[in-house]
Amino acid sequence: MTKAKSDDTDLGLYFQAAQHQPPIANEALLALVLADALAAQAAHCFPAPRAQPAVPLWRQLLAALGGWQGVGGMATAGLVGVWLGFSPPAGLDALALLAPADGLDLGQFAPAYGLDLVALEEG
Amino acid sequence: MQMPFDSLTELSDDALLALFANGDAGAARALTLRFTPRALAHAQRVLGDAAEAEDVAQEAMMRLWRVAPEWRSGEAQVSTWLYRVVANLCTDRLRKRRTVDIDSVPEPVDPRLSADASLQQQERAAALHEALLHLPDRQRQAVVLRHIEGLTNPQIATILGVGVEAVESLTARGKRALGRLLLGRRAELGLDDDQSEK
């Protein structure tokens, strides 16, 4: 047997010994790896729900007022009020002249309850 | 669909990985048992340190779990891919070691050997592991993959990211170096007896 062949045979025996005695994965390592696997699997298959983005304040107000329709109605009513204030119709002045100079009394608008009101005031 | 564990062990690596990606816990267990020992064995033989090897094996397996949903069946072998990850993680650790102490060679490994191995076999394996740690990283990886793990040269070329000829050169140089390192231990390890019996 030549020296090279002898060396190869020697090494072959070393390799054979190593093949028959692999490092053994202990239970603790296998448990760690399996735990990682199941966690990764859960993350892939059942991703955590994304957090709902916060609703801005203006959208919350809009919803409380009945949406765009509600806000549109309010804006229209407001504009009409302003317009009436700056440019009242002619008939409105005549109506104002009918009112007494010292103001209006509640009884004038509800004569049927006039006595009751007096009675309440006098005890 | 959950399958009995026994039937999972018969499945190919690709099929198991696909099942894993679909949420099959049995596939997770089967893959763990199939690949963790291989990752650990290679890491321990290359690093010579059981604790570090366990870290590497766990990290390599974690990368396998992460890549599973995007794994394209048939494009690469799972085992080759995993060996490559382990090889790279080992190389990184060996580089870091060199930056700490260029002459540091770990104590001979304490592989958890099977109880039925003969004392002489254990001594030969331990002597080989000790000698392997004196080889340069690439030679060591090539020798371990070729002569202990039993992979082909093209597989090793893929794992190490080199050509087949480079693998042949690495293993040849590695074996020559091992021969020199182990020369003085032939009688101690009973090799003179083995040769005389042939």
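Since every read-out is calculated from the coordinates, none of them should be taken as a lab result. Model, not experiment: these values are computed from the prediction. Cβ atoms come from the backbone with ideal geometry, glycine included; neighbour counts cover every protein chain shown.
Structural remarks
- Rounded to the nearest 0.05, the FRET efficiency derived from the C-beta distance between A:VAL55 and B:ALA166 at R0 = 51 Å is 0.25.
- Note on B:ALA51 and B:ALA25: their simple-model spin labels are 3.3 nm apart, each label 7 Å out from Cα toward Cβ.
- Test item: B:17-28 mean partner chain Cβ contacts at 10 Å: 3
- Inter-chain Cβ neighbour average for residues B:55-66, partner chain, 10 Å: 4
- Sequence ranges A:24-32, B:32-40, ranked by mean other-Cβ count within 10 angstrom, highest first: B:32-40, A:24-32
- Here the label points at B:LEU33 and B:SER7, each 7 Å from Cα along the C-beta direction, are separated by 1.6 nm in the simple model.
- Efficiency of FRET from Cβ geometry, B:ARG186 and B:SER118, R₀ 22 Å, rounded to 0.05: 0.80
- Remark: mean inter-chain Cβ contacts per residue of A:26-36 equal 6, using a 10 Å Cβ-Cβ cutoff to other protein chain atoms.
- Using a Förster distance of 45 Å, the FRET efficiency for B:ALA76-A:ALA64 (Cβ separation, nearest 0.05): 0.15
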